[in-house]
Amino acid sequence: MPESRHPHLDELKKIKDMQRQFHETVRLSIVEGTEDLVQKAEQLGKELGANIIALKEKLDPFEQELHLQEQYESQITLLDQSGLLETLSNGGKGIKAMDKDGKPTIEYPIPTSEEIIEKLISPEQREIFKTKIEQGFVKLLIVPFGLPLINIAQAYQKALQSHFDRQKLFHTKKEPTDPNEPITELHKDGPMYIWDKYNNADATGELVYEPKKLEKDNHQGKTKSEIVAQKGGFKVLLIEDMPNIPRKGNAIEKGGRTQIDTKGTTIAKYIEQGKDTPSPIEYLNALQTESKIANSPYYQEEPLTPEDQLIYALTHLEETDEVVDDYKGNGSISYQLGAYFLSSGDVPDAFWARGGRQFNLSGDDVGFRDGYCGVRSAVGVY
């Protein structure tokens, strides 16, 4: 770990070292069964617990609000049980990400919770994360971005089928306390439709990421392999836990930030005169411009990619048994403006189709306008 620039990072390192010692002592006490080792393990366990409690008490309230360790462990378990992680050559868990030829050969271990905390409490980012958390960005997502997109889609498809088979698949609620609305039938072809433009698109470079413009000859985006080479195989994000993108009049204000609704109420200056609904081009322009303005409520926010969308949908499903983006119910269709299809000139979108009884990975024209469609944004941590 790099040299600490925050006093709590040294304590995190000590706790990590103590955890290793504790687990090794427990292992030895099981193998050898001596009383001394059992007592030593018990003592280390008490000291470890006390140190963790002491550190939590020192952390700022916004860090406690994340319940970071709980969310971190839940995400790792979810990714592992969904078949998205594998054991690497060093014995740890991670992924093999795509190289420049589109082959999953490069190993990337999953980020540790200490590495994530280090980013959150770094002097350069601390106040930014504090503000975003106060605005409601409290959902942790660990995205195995370097995997083939189809792998993540298939993991969600499998989870949808499993929940349906167990009669535990529901439409998205408006409020968590609302009664369940069961999904009682799936499409004959299964619980997910994937537009053929997605086929191998992230491997071939047909799907580009982080576009600056939604223009075929001037998108200024990167391929997945380029991003992985620069930033690694995993993304760690903070997002709003928002399974329903709000329609006009339903946006919530929190911490001085109002959610972006499907009418673009708070980004009206970016919408073409005479139009009352944003297009994907205008949503992206608004987010990219506002994300660079330090006093903007949307400062440092970025649009989601299809990979981010699927991990959020998978997380929400496993936590609530509900789909997301049920646009004929309480939700909206979501654009994933963090990616762009070159040949078709479309942006990815996603939604649950009640009539089709499937989750759809599809696409829309960059000039399309519809009050059913909106965006999610995230704050990058790692």
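Things to note:
- Selection status of Arg257, closer than 30 Å to Phe170 by Cβ, of a type outside the set (A, V, I, L, M) and touching a Lys or Arg at 6+ places or on another chain (Cβ under 8 Å): no
- Annotation for the range 118-131: no member residue is open to solvent by less than 40 Å² (accessible area, probe 1.4 Å), outside any helix (DSSP H, G or I) and in contact with a strand residue (DSSP E or B) (Cβ under 6 Å, 6 or more places away or on another chain).
- Scanning the range 195-212 for residues that are more than 20 Å from the chain's Cα centre (by Cα), modelled with pLDDT of 95 or more and either β-branched (Val, Ile, Thr) or in a loop (DSSP other than H, G, I, E, B) (or both) yields a total of 3.
- Members of the range 231-266 that are more than 19 Å from Thr131 (Cβ to Cβ), of a type outside the set (S, T, N, Q) and touching an Asp or Glu at 6+ places or on another chain (Cβ under 9 Å): Gly233, Lys235, Pro243, Ile245, Pro246, Arg247, Lys248, Gly249, Lys263, Gly264
- All positions within the range 287-317 that are under 17 Å from Thr266 (Cα atoms) and in contact with a Pro (Cβ under 7 Å, 6 or more places away or on another chain): Leu287
- For the range 226-237, the criterion of being assigned to a loop (DSSP other than H, G, I, E, B), open to solvent by 40 Å² or more (accessible area, probe 1.4 Å), out of contact with any Ser or Thr (no Cβ under 9 Å at 6 or more places or on another chain) and farther than 16 Å from Gln309 by Cα is met by no residue.
- No other residue among Pro191, Pro144, Pro179 is at negative phi and open to solvent by 50 Å² or more (accessible area, probe 1.4 Å) apart from Pro179.
- Restricting attention to the range 75-111 and to residues that are in a helix (DSSP H, G or I) and touching a residue at least 60 places away in the same chain (Cβ under 8 Å), the residue that is surrounded by the most Cβ atoms within 10 Å (Cβ to Cβ) turns out to be Leu79.
- Residue match in the range 279-298 (condition: at pLDDT 95 or above, under 27 Å from Ala159 (Cβ atoms) and in contact with a Phe, Trp or Tyr (Cβ under 8 Å, 6 or more places away or on another chain)): no
- Among residues of the range 275-297 that are within 16 Å of Val347 (Cα to Cα), those with a beta-carbon under 7 Å from a residue that is among the polar types (S, T, N, Q) and open to solvent by less than 20 Å² (accessible area, probe 1.4 Å) at least six positions away or on a different chain give the pairs Leu287/Ser377.
- Condition met for Ala339 (touching a residue at least 40 places away in the same chain (Cβ under 8 Å), closer than 21 Å to Lys158 by Cβ and touching an Asp or Glu at 6+ places or on another chain (Cβ under 9 Å)): no
- Scanning the range 140-172 for residues that are assigned to a loop (DSSP other than H, G, I, E, B) and over 16 Å from Tyr312 (Cβ atoms) returns Gly146, Pro148, Arg166, Gln167, Lys168, Leu169, His171.
- Flag for Glu57 being more than 30 Å from Ser162 (Cα to Cα), charged (D, E, K, R), part of a helix (DSSP H, G or I) and at pLDDT below 75: yes
- The lone exception for Ile267 - which of (1) open to solvent by less than 20 Å² (accessible area, probe 1.4 Å); (2) free of Cβ contacts under 8 Å to residues at least 40 places away in the same chain; (3) of a type in the set (Val, Ile, Thr); (4) part of a loop (DSSP other than H, G, I, E, B) it fails: (4)
- Boolean, Ser279 is polar (S, T, N, Q), open to solvent by less than 10 Å² (accessible area, probe 1.4 Å) and under 22 Å from Lys132 (Cβ atoms): no
- Evaluation of Val366 against the conditions (1) over 27 Å from Val228 (Cβ atoms); (2) open to solvent by less than 40 Å² (accessible area, probe 1.4 Å) shows that the sole unmet condition is (1).
- Boolean, Ala203 is crowded, with 19+ Cβ neighbours inside 10 Å, out of contact with any Asp or Glu (no Cβ under 7 Å at 6 or more places or on another chain) and farther than 22 Å from Phe368 by Cα: yes
The values are calculated or read from the model by the stated rules, or taken from the named source; none is laboratory data. As the structure is a computational prediction, the values presented were derived from the model and not from experiment. Every residue, glycine as well, gets a Cβ built from its backbone with ideal geometry; the counts of neighbours run over all protein chains shown. Areas reflect the complete protein model, heavy atoms only, side chains present, ligands, DNA and RNA absent. Shrake-Rupley method; radii C 1.70, N 1.55, O 1.52, S 1.80 Å.
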